[in-house]
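Report on the following structure.
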């Protein structure tokens, strides 16, 4: 996927919690699983696609979160001692999320409002379930989240930003974060983008998501401080 295409996908992708009853076609399941296999090889994670499971979101918290027909999900699993587990979960999970969006599917990152004990993912000894991502055909495409200003997360003046950096920052601000907190900052050091996650719940996962969006849109690697 080229940068122009990925930026379009990032702009179009919004969180969706209400899904139709339409099943994910076998061809799309296979495509998702193919990408998941690649991500698992590259990351050391054990991400799994679970389909047709109505129990994982059949809990009070999910109803409170207004989920509907959330029967398909991506379980992000990894070894507890895997270096940067949460960041990798966010980074590679977002790669899959944007691929799903390009495939015509909708998604929602979910860290707490689902039944962890009801999740059908295979979790080996020494592994943990980091989070899940609901996936399917949304009743609607979702809405853009309210976003912080560029200057609130980046000290570089917009007129001083290289084009690639500006595109990366814009994509980072459109990344989903827990409770839409956007607890991160981005700076430019000797021509290199540096992302820092601030203290807060789930910020390491968020940092991975933000990092992927920035790199995909800008075409430049990011260093995380």
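Read the figures in this text as sums done on the coordinates, not as results from a lab. Model, not experiment: these values are computed from the prediction. Note that each Cβ is placed from the backbone with ideal geometry, even for glycine, and that neighbours are counted across all protein chains shown.
Structure notes:
- Each Cα pair under 8 Å and six or more residues apart adds its separation to the average, and for the stretch 150-224 the resulting relative contact order is 36 percent.
- Residues residue 12 and residue 196, FRET efficiency given R0 of 35 Å [Cβ-Cβ distance, rounded to 0.05]: 0.80
- Mean projected area of the Cα convex hull of the stretch 108-163, taken over all directions, amounts to 7.8 nm².
- Helix 203-218 axis, angle to the chain major axis (alpha carbon atoms, nearest 10°): 60 degrees
- The Rg/Rh ratio of the stretch 74-205, with Rg taken over Cα atoms and Rh as the Kirkwood radius over Cα pairs, comes to 1.00.
- Calculated over the stretch 137-176: convex hull of Cα atoms, volume per residue (Å³): 81 Å³
- Reducing the stretch 159-217 and the stretch 1-76 to their Cα centroids gives an inter-centroid distance of 22 Å.
- Using alpha-carbon coordinates, inclination of helix 3-12 to the longest axis of the chain, degrees: 60 degrees
- The relative contact order of the chain, computed from alpha carbon pairs under 8 Å that lie at least 6 residues apart in sequence, is 25 percent.
- Dmax and Rg, reported as Rg then Dmax, of the stretch 22-74 (C-alpha, Å): 13.2, 36
- For percent of Cα pairs over 33 Å apart, the value computed from the atomic coordinates appears in the list [x] 10; [y] 24; [z] 13 under label [z].
- Hydrodynamic radius by Kirkwood, which averages 1/r over all alpha carbon pairs of the stretch 3-136, in angstrom: 15.0 Å
- Relative to the longest principal axis of the Cα atoms of the chain, the long axis of helix 85-102 lies at roughly 80 degrees.
- Taking the stretch 1-84 and dividing mean pair separation by its residue count, relative contact order in percent (alpha carbons under 8 Å, at least six apart): 33 percent
- Taking 0.36 nm per residue of separation and subtracting the current Cα-Cα distance, fully stretching the chain between residue 20 and residue 80 would add 18.1 nm.
- Ranked by how many other beta carbons lie within 10 Å on average, peptides 216-225, 20-29, 186-195 from highest: 216-225, 186-195, 20-29
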